[in-house]
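The values are calculated or read from the model by the stated rules, or taken from the named source; none is laboratory data. Please read these numbers as outputs of a predicted model, since none were measured by experiment. Note: ideal-geometry Cβ built from the backbone for every residue, glycine included; neighbour counts use all protein chains shown. Areas reflect the complete protein model, heavy atoms only, side chains present, ligands, DNA and RNA absent. Shrake-Rupley method; radii C 1.70, N 1.55, O 1.52, S 1.80 Å.
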Amino acid sequence: MAALPARAETPAARDPAPPAQSEAAQAEIPKIAPNATEFTLDNGMQVVVIPDRRAPVVTHMVWYRVGSADETAGQSGLAHFLEHLMFKGTRNHPMGQFSERVSQIGGEENAFTTTDYTAYFQRVAKENLREMMAFEADRMTELVLTEEVVAPERDVVLEERRMRVENDPGSLLGEALTSILYRNHPYGRPVIGWMHEIEALTGAKALDFYRRYYTPNNAVLVIAGDVTPEEVRRLAEETYGTIEPRPEAVRGERPAEPPSVGARTVTVKDEKVREPQLTRTYVVPSQNTADGNEAEALRVLAEVIGGGSTSRLYDTLVRGDGPATYAGAYYQSNAVNDGRFAVYGVPKEGVTLAALGDRIESVIAEVRDKGVTDEEITRAKNAVIAQAIYAQDSQQAMARIIGTALMTGSSLGQVQTWPERVSRVTAEDVRSAARKYLLEERSVTGYLEPKPEERS
């Protein structure tokens, strides 16, 4: 999820009926943001309030249910491009005025785009909240784009791609892996876009995208900080509540992935690679598409296999004279459609990537064939739940966790009760998830290698 590193995601899945537990046992498992509340404005905008009175500051976030997977084929990068252009001014506030005001009051701001959503946020003193809401509500409807601002910003995005992708071998490998993992689904294209398609993006295309998706009935407002639900409701109604909804803001149906036809591999070679690495990925259910407690089981499975120094991969491959300098696993669960599970490692000198891949597969096969111990399950569940609870120390982290979950199909109640569902995962649930999804024939493996020097 966006709020935490991949292995520490804390989204919510569909809430299956829990087995009978004593009230005392249930009371021992804390909730995520137990004081969070929600309501909906008349125009359809969902609002979540997370009171946090430790400091007189607030985090103000507006989330839109639109991301790179909602772009028209051939226009990759459009959602991210629009995110950039949203800072270029409106009819009421010329370019730079919003950002300058945030700076003047000592606040911070940023925005980000993913496959499924786009978000904008500010962190400011609580007395400035209404002003931030007014600014953000204004650019929900009044964006102005001219070629004078569009062309330079397109160049900025192109340079961003060069720096973050073209000049980063790890990013090139990730992009290649994703494009092969998702052969038919739009998750296979990069959020930032392909270079040649970014070059063809225009202000007109961005405005069409904006007018379709940027509307209150396609947005969620998350406010975390020194506020009450009553005052947020009043401010939201005065700002966002005056905007007319657009019912047509509905994302289209996305194509499904075909069945896997066997294990696939991709190799990226680059002269900037200092140490080779391997990443093996699998398409697995997300929090939104999983049946029963599969999502929670996959999260615990990732912790058991590669969640740190007590994990199977670390113990087998890194500790002592193992073949890797590091190894781990993560479950990317926050997605409207299916997510992914990944294992990775860096071999020690003299160990080939193929040999490391065989050792990683042997660790996974042992979990599939023999399962995991009760001790491993207990330790993994405690670690996963602890990460979720510790995240509540950060106001921004909580706003991101809840916003991300709501953007990808979960409810606030499901977010709050996620630790309790994790606590119900059994060793058999984890083994079942491994046997069903972590099959070598369903995998895509990426190899990152140094490019051999050319002999003159």
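Residues to consider are Gly174, Gly262, Gly225; find the one that is at positive phi and modelled with pLDDT of 95 or more. Quick ask: steps written out before the conclusion?
Values: Gly174 fails: at positive phi; Gly262 fails: modelled with pLDDT of 95 or more.
None of the other options fit; the residue is Gly225.
List the helices (runs of 4 or more DSSP H) inside segment 374-437, counting only whole elements, that have at least 2 residues being among the aromatic types (Phe, Trp, Tyr).
No helices (runs of 4 or more DSSP H) qualify here.
Yes/no matrix, rows are residues, columns are (1) open to solvent by 30 Å² or more (accessible area, probe 1.4 Å); (2) over 30 Å from Val220 (Cβ atoms); (3) under 17 Å from the mean Cα position of the chain (by Cα):
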| site | (1), (2), (3) |
| --- | --- |
| Gly345 | no, yes, no |
| Ser362 | yes, yes, no |
| Gly371 | no, yes, no |
| Gln387 | yes, no, yes |
| Tyr390 | yes, no, no |
| Arg400 | yes, no, yes |
| Met407 | no, no, yes |
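Can you tell me which residue is surrounded by the fewest Cβ atoms within 10 Å (Cβ to Cβ) among those in segment 136-184 that are outside any loop (DSSP other than H, G, I, E, B) and β-branched (Val, Ile, Thr)?
It comes out as Val156.
List pairs: first in segment 187-215 and in contact (Cβ under 8 Å) with a residue 60 or more places away in the chain, second outside any helix (DSSP H, G or I) and open to solvent by 50 Å² or more (accessible area, probe 1.4 Å), Cβ under 6 Å, 6+ apart or cross-chain?
From segment 187-215, the pairs are Thr215/Pro245; Thr215/Arg246.
Within the group Val283, Val336, Val300, which residue is touching a helix residue (DSSP H, G or I) at 6+ places or on another chain (Cβ under 8 Å), open to solvent by less than 50 Å² (accessible area, probe 1.4 Å) and assigned to a strand (DSSP E or B)?
Selected residue: Val283, the only one of Val283, Val336, Val300 that is touching a helix residue (DSSP H, G or I) at 6+ places or on another chain (Cβ under 8 Å), open to solvent by less than 50 Å² (accessible area, probe 1.4 Å) and assigned to a strand (DSSP E or B).
With Ala434, Ala388, Ala405, Ala427 as the choices, which residue is closer than 30 Å to Pro276 by Cβ, of a type in the set (Gly, Ala, Ser) and either modelled with pLDDT of 95 or more or out of contact with any strand residue (DSSP E or B) (no Cβ under 9 Å at 6 or more places or on another chain) (or both)?
Working: Ala388 fails: closer than 30 Å to Pro276 by Cβ; Ala405 fails: closer than 30 Å to Pro276 by Cβ; Ala427 fails: closer than 30 Å to Pro276 by Cβ.
Just one listed residue meets the conditions, Ala434.
Could you list, in sequence order, all residues of segment 254-277 that are closer than 26 Å to Leu439 by Cα and assigned to a loop (DSSP other than H, G, I, E, B)?
Arg254, Pro255, Ala256, Glu257, Pro258, Pro259, Ser260, Val261, Gly262, Ala263, Pro276
Can you pull out the residues in segment 106-120 that are in contact (Cβ under 8 Å) with a residue 12 or more places away in the chain and not charged (D, E, K, R)?
Gly106, Gly107, Ala111, Phe112, Thr113, Thr114, Thr115, Tyr117, Thr118, Ala119, Tyr120
Go through (1) surrounded by fewer than 24 Cβ atoms within 10 Å (Cβ to Cβ); (2) out of contact with any strand residue (DSSP E or B) (no Cβ under 9 Å at 6 or more places or on another chain) one by one and return the number of the condition Leu439 breaks.
Leu439 satisfies all of (1) surrounded by fewer than 24 Cβ atoms within 10 Å (Cβ to Cβ); (2) out of contact with any strand residue (DSSP E or B) (no Cβ under 9 Å at 6 or more places or on another chain) except (2).
Using the structure shown, decide if Leu412 is closer than 21 Å to Tyr330 by Cβ and either surrounded by fewer than 22 Cβ atoms within 10 Å (Cβ to Cβ) or in contact with a Lys or Arg (Cβ under 6 Å, 6 or more places away or on another chain) (or both).
Values: closer than 21 Å to Tyr330 by Cβ: no; either surrounded by fewer than 22 Cβ atoms within 10 Å (Cβ to Cβ) or in contact with a Lys or Arg (Cβ under 6 Å, 6 or more places away or on another chain) (or both): yes.
The answer is no for Leu412.
Any idea which of Pro229, Pro216 is open to solvent by less than 30 Å² (accessible area, probe 1.4 Å) and more than 21 Å from the chain's Cα centre (by Cα)?
Result of the check over Pro229, Pro216: Pro216.
The conditions are (1) farther than 14 Å from Arg340 by Cα; (2) modelled with pLDDT of 95 or more; (3) touching a strand residue (DSSP E or B) at 6+ places or on another chain (Cβ under 7 Å), and Arg312 fails exactly one of them. Which is it?
Status for Arg312: all satisfied but (3).
Which count do you get for residues in segment 199-245 that are touching a strand residue (DSSP E or B) at 6+ places or on another chain (Cβ under 8 Å), among the β-branched types (Val, Ile, Thr) and part of a helix (DSSP H, G or I)? Reasoning before the result, please.
Keep residues of segment 199-245 that are touching a strand residue (DSSP E or B) at 6+ places or on another chain (Cβ under 8 Å), which gives 207, 210, 213-214, 218-229, 232-233, 236, 240.
Adding the requirement that they be among the β-branched types (Val, Ile, Thr) leaves 220, 222-223, 227-228, 232.
Applying the additional criterion that residues be part of a helix (DSSP H, G or I) yields 232.
Within segment 199-245, residues that are touching a strand residue (DSSP E or B) at 6+ places or on another chain (Cβ under 8 Å), among the β-branched types (Val, Ile, Thr) and part of a helix (DSSP H, G or I) number 1.
Restricting attention to segment 117-128, does a residue exist that is surrounded by fewer than 17 Cβ atoms within 10 Å (Cβ to Cβ), in a helix (DSSP H, G or I) and out of contact with any strand residue (DSSP E or B) (no Cβ under 8 Å at 6 or more places or on another chain)?
yes
For the structure I just gave you, tell me whether Ala327 is touching a Gly at 6+ places or on another chain (Cβ under 7 Å) and crowded, with 24+ Cβ neighbours inside 10 Å.
Working: touching a Gly at 6+ places or on another chain (Cβ under 7 Å): yes; crowded, with 24+ Cβ neighbours inside 10 Å: yes.
Considered against the rule, which asks whether it is touching a Gly at 6+ places or on another chain (Cβ under 7 Å) and crowded, with 24+ Cβ neighbours inside 10 Å, Ala327 comes out as yes.
Among the numbered criteria (1) among the basic types (Lys, Arg); (2) farther than 30 Å from Pro259 by Cα; (3) touching a helix residue (DSSP H, G or I) at 6+ places or on another chain (Cβ under 7 Å), which single criterion is violated by Lys348?
Of everything listed in (1) among the basic types (Lys, Arg); (2) farther than 30 Å from Pro259 by Cα; (3) touching a helix residue (DSSP H, G or I) at 6+ places or on another chain (Cβ under 7 Å), Lys348 misses just condition (3).
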